[in-house]
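Written out below as structure tokens is the structure these notes cover.
The values are calculated or read from the model by the stated rules, or taken from the named source; none is laboratory data. In this text the structure is predicted, and so the values were computed from the model without any measurement. No Cβ is skipped: glycine too gets one built from the backbone with ideal geometry, and neighbour counts run over all protein chains shown.
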Amino acid sequence: MGLTLCHSSLTPRAAPPPRQPAGLPAAIKFRSAEEAWFWAMAALAARRDGTGKASTRIARPCDPDDILRCLDQLYRQRRIHLEHGRILRVWGERQTPPDPRYKGEASDHFLWTEVMERLDWPLRVKGIVR
């Protein structure tokens, strides 16, 4: 969501949301950054395997690349590190978050929670997560 200036003053206001083309179902926002990440990983795997989109039944407000751009922005701002990226890839491919009850997954869970908290706000600002 970009900011535009009102003609009558210099007060910023939110740009109107993009219009949905006629005949297409309304895009459904994700409930959480975690849900968005799992969807993005499934879509990226489908793209890699050449099978097309992961799920065409539900219209989503973004492409998987939009989520990757948010992560890239967090990385460039030094809010996440390569270790966060590794955890996202490993557990994203498994389509399940790490379970802190297992000793081997406790540190992964800490990093997972940290990156999901940091990813949440940029996805909300872009209208990807409700």
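Within the range 84-109, the set of residues being of a type in the set (A, V, I, L, M, F, W, C) and in contact with a helix residue (DSSP H, G or I) (Cβ under 9 Å, 6 or more places away or on another chain) comprises Ile87, Leu88, Val90, Trp91. When the range 61-98 is filtered for residues that are assigned to a loop (DSSP other than H, G, I, E, B), buried (at least 20 other Cβ atoms within 10 Å of the Cβ) and at pLDDT below 95, the ones remaining, listed by number, are Pro61, Cys62.
Taking the numbered list (1) assigned to a helix (DSSP H, G or I); (2) without any contact (Cβ under 8 Å) to a residue 40 or more places away in the chain in turn, Met41 passes all entries but (2). Test Arg13 against the criterion of being in a strand (DSSP E or B), farther than 16 Å from Ile128 by Cα, modelled with pLDDT of 50 or more and basic (Lys, Arg), and give yes or no. When the stated conditions are applied, Arg13 passes them.
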